[in-house]
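So the structure is just underneath, and the comments pick up after that.
Derivation of every value follows stated rules applied to the coordinates shown; laboratory data play no part. From a predicted model like this one, the values you see are computed outputs, not experimental measurements. Positions of Cβ are generated from backbone atoms using ideal geometry, with glycine treated the same way; all protein chains shown enter the neighbour counts.
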Amino acid sequence: MKTAIMSAIGVISYEDRPMPVPKADEVLVKLEYVGICGSDMRFLNDGRIGDFVVDLPFVLGHEPGGTVVEVGSAVKHLKPGDKVALEPGRFCRVCEACVQGKYNLCPETKFFGCPPDDGVFCEYVAHGVSGCHKLPDNVNTLEGAMIEPLAVGFHAANLANAKYGQTAAVFGCGCIGLTAMMALKFMGISRVYMVDFLENRIEMANKLGADYVVNFKKEDPVKKILELTHNEGVDVIIEASGGDETVGQAVSIGKHGAAVALVGYTDSGNTTIPLSRAISKEISFHSVHRYRHVYPPAIEAVAAGKVNLKDMVTHQFSFDELALGIKRAHTEKDKIVKAVIKF
């Protein structure tokens, strides 16, 4: 099968690799769409994200949707022809985190496209059946690929204990910020305010249901959100921009007892938190590491028409255009909201 290889920093090449053979508890999937994530851009351009360092050669990609072509002997609920979204992690299932149900924190996790584990910018993949989620008839494999970033949004909303009737703010109108906004809306949050400065993302946020989008180049986000909430602030804040200043702004717009979910990685790695203000408000902070137990409800939300993933995908590239797609997604953020590879 054809496989895209990161052979050097900034370089994608192709090679033929053997077709995977599914084990008894695995499913062989023909990939049809794989999303381009910010982590793919960072790994390709920088060779690392934090403590995760690429060991070349390496295969990127972790947002897959495709069709089952073969199942292992122990697989009962999937068959060839079924459409699936692949949850990209594999876990030990016996460590303390796994036993507690927090499998996303398993120290033995093997995750598509996260060093040292190869990803899914390839034509076929064999994956454990527990990570293969069947898609309903009215959900296609493009949406299946987009379930992965939607899962991040759902998990962030869950960690922040979002409840019906609350208000929320989301910093960042990129893919994760937009999925977080839609997850919050699905969970009954009454009003969601967004913050960004790129006009294409602001337009997308408005299209997908934001109640107000603050362009921080034109308005102070703290003043504006406090104005919109009659100086009360919001119950839930999701930081999905990676900005150095946004956590402090989140504390300023949070109500007493508000929750902040931290998703974005800052470029500098340094974030200043106004601790005295956060403590006096009893703000709770939740760091978001991927997701757990959210693929089924996320898929149900899409099938019910409550979450619009199709419109968020503004650009598609062929498999042969992977390097171009990653480059443009990185350098043309003012044009591209979300890009995917179509096989």
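Details
- Equivalent-ellipsoid semi-axes of the chain, from the Cα gyration tensor, Å, largest first: 34, 21, 19
- Tilt relative to the chain, helix 199-208 - C-alpha long axis, 0 to 90 degrees, to 10: 90
- Dipole check for the range 152-287: with +1 at the C-beta of Lys and Arg, -1 at the C-beta of Asp and Glu, and the Cα centre as origin, the magnitude is about 280 Debye.
- For the pair Gln316 and Lys223, the difference between a 0.36 nm per residue extended length and the Cα-Cα distance amounts to 29.7 nm.
- Summary of packing: across the peptides 275-286, 40-51, 24-35, 203-214, the per-residue average of other C-beta atoms within 10 Å ranks them, highest first, as 24-35, 203-214, 40-51, 275-286.
- Between the Cα long axis of helix 175-186 and the first principal axis of the chain there is an angle of about 70°, rounded to the nearest 10.
- Other residues whose C-beta falls under 11 angstrom from the C-beta of Pro116 contribute a net charge of -2, scoring Lys and Arg +1 and Asp and Glu -1.
- Estimated FRET transfer efficiency (Glu245, Glu96; beta-carbon r; R0 41 Å; 0.05): 0.70
- Neighbour counts of C-beta atoms inside 10 Å place His289, His62 in the sequence His289, His62, starting with the fewest.
- Radius 10 Å from Cβ of Val234, net charge of other residues (Lys, Arg +1; Asp, Glu -1): 0
- Under-5 Å amide H pairs with Gly119, H placed in peptide plane, nonlocal only: Val59, Leu60, Gly113
- Taking the longest Cα principal axis of the chain as reference, the axis of helix 322-331 is set at about 10 degrees.
- The range 22-145, dipole about Cα centre (Lys/Arg Cβ +1, Asp/Glu Cβ -1), debye to the nearest 20: 320
- Environment charge at Asp320 (Cβ cut-off 11 Å; Lys +1, Arg +1, Asp -1, Glu -1): +1
- Summing Cβ point charges (Lys, Arg +1; Asp, Glu -1) relative to the Cα centre of the chain gives a dipole of roughly 600 debye.
- Structure-based [θ]222 nm, the chain - -39500 (n - 2.57) summed over DSSP H runs of at least 4, per residue, nearest 500: -8000 deg cm²/dmol
- Between Asp55 and Leu324, the distance separating the two model label sites (each 7 Å from Cα on the Cα→Cβ line) works out to 3.4 nm.
- Straight-line cross-link partners of Lys335 among the lysines, defined as a Cα under 25 Å from its Cα and at least 8 positions apart when in the same chain: Lys207, Lys217, Lys218, Lys310, Lys327.
- Positive-end extreme of charge dipole, the chain - chosen from Gly165, Val192, Leu135 (charges on Cβ): Gly165
- Dividing the mean sequence gap of close Cα pairs (under 8 Å, 6+ apart) by how many residues the range 78-152 holds gives a relative contact order of 40 percent.
- Neighbour-count order for Thr331, Thr271, fewest beta carbons within 10 angstrom listed first: Thr331, Thr271
- Listing Leu142, Leu309 from fewest to most neighbouring C-beta atoms within 10 Å gives Leu142, Leu309.
- Note on Met1 and Asn45: with the Förster distance fixed at 41 Å, the Cβ-Cβ geometry gives a FRET efficiency of about 0.95.
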